[in-house]
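These notes are about the structure you will find just below.
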Amino acid sequence: MSMNGIDISRWQSGIDLGAVPCEFVVIKATEGTTYVNPYCDRHFQQAAKLGKKLGVYHFAGGKDAAAEAEYFVKNVRGYIKKAVLVLDFEIQDMGNGAVWSKQWLDRVYELTKVKPLIYMSNYLANHLDWSAVANGGYPLWNAYYYAYGTPMGYNPDAPLPERLGAWGKALLYQYTSEGRLPGYDGYLDLDVFYGEPRDWDRYAGKEGETPDPPKPDPTPQPTVAYRVRPGDTLSKIAGRYGTTAAVLAQLNGIANPNLIYAGQVIRIPVGSTHPVEPTYYVVRRGDTLSGIAKRFGTTYQRLMQINGIRNPNLIYAGQRLRIN
């Protein structure tokens, strides 16, 4: 069994949750250590009165993990044991992102005794080593837009990507940012929860202990050998094989990723041994960089970086953008 729902932020400030069909709503609560969504409580209380399942999330700022966790808990104190707690991690080029996230998740669990979920793009799930997070019992909310350009309604059978990082499976799946539902005149993020209402309650901590998370594959990830050539850098090797320098450094026990040498043997995860073919997108009239990023499960900052864009507001119809 599964449940259909949406996630919202201040961008959906005028939404009437009584008019929009959804079994659950996940609402942005905080960001960093300075921002609180001014519409969070209004949406939360309306959804609660309607009997919808609830979640609240924190958008990672990437500064002090413990401070951000404490800020989140302080501002969602009244929702604890009533809502699933979530970390929204979208910092593409943070090499220690998995370590930072584990610190945030552990601190929230320490303060609330509820194990949060972690949301990220499928790109991120496969480009950092999340094994400590998965093994720590923090389930994955995966974002991957399998179709774009055609607005859609709910699809609880939306095809998950083949690779889900250290988890092997997802608890929640955000499969489009171009959802269209009755009762709201605009696009919505659409999600499917792989469970029943009582499962949602358990993840929210309503029935005492949180449930066992989806189990990662206990089999160690196989690797193959790569011999470093003159002119290689760890980041170049990582980019060539669809992984990151941080993953390779951790896997190979490299303390300084800037110090590798010709002839050195580097272990490469088998899932990354085929170079990633670049994906391109041609900008259409009315597109925005943030909209394109959401469509492909990435961020506009990442698109700016790999396309050399200095102003995210200056893109034009016909422009060819690299996505990965």
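The values are calculated or read from the model by the stated rules, or taken from the named source; none is laboratory data. Because the structure is a prediction, the values reported are computed rather than measured. Side chains included, ligands, DNA and RNA excluded: accessible areas come from the protein's heavy atoms. Shrake-Rupley method; radii C 1.70, N 1.55, O 1.52, S 1.80 Å.
Could you check which residue among Val86, Val99, Val282 shows the biggest mean-square fluctuation in a GNM of the chain with a 10 Å Cα cutoff?
Val282
³J(HN,Hα) across segment 304-318 via Karplus (A = 6.51, B = -1.76, C = 1.60, θ = phi - 60°), whole Hz, x for Gly/Pro?
4, 5, 7, 10, x, 8, 8, 10, x, 8, 10, 10, 9, 4, x
Extension gain Thr34-Ala66, at 0.36 nm per residue separation less the Cα-Cα distance, in nm? The partial results should precede the final answer.
Working: separation 32, 0.36 × 32 = 11.52 nm, distance 1.40 nm.
Full extension from Thr34 to Ala66 adds 10.1 nm.
Would you rank Ile254, Ile306 by solvent-accessible area, highest first, keeping every protein chain in place and using a 1.4 Å probe?
Highest to lowest solvent-accessible surface, that is Ile306, Ile254.
Given a cut-off of 27 Å, name the pairs among Lys52/Lys74; Lys81/Lys294; Lys102/Lys206; Lys74/Lys294; Lys49/Lys102; Lys53/Lys294 whose C-alpha atoms lie farther apart than that in the structure shown.
The pairs that break the limit, which is 27 Å between Cα atoms, are Lys81/Lys294; Lys74/Lys294; Lys49/Lys102.
What's the angle, to the nearest 10 degrees (0 to 90), between helix 97-112's Cα axis and the longest principal axis of the chain?
30 degrees
If you take every DSSP beta bridge whose two residues both sit in the chain, what share of them, in percent to the nearest 5, is antiparallel? Walk me through the numbers before you get to the answer.
Working: 20 of 47 bridges.
Rounded to the nearest five, the antiparallel share is 45 percent.
Please list, in chain and number order, the residues 5+ apart from Ile8 or on another chain whose amide H is under 5 Å from its amide H, with Hs placed from the backbone.
Val26, Ile27, Lys28
Helix 40-49 versus the longest principal axis of the chain: what angle, 0 to 90°, nearest 10, using Cα atoms?
Approximately 50 degrees, to the nearest 10.
Quick one: compute a quarter of the convex hull surface over the Cα atoms of the chain and quote it in nm².
Average projection, Cα convex hull of the chain: 17.0 nm².
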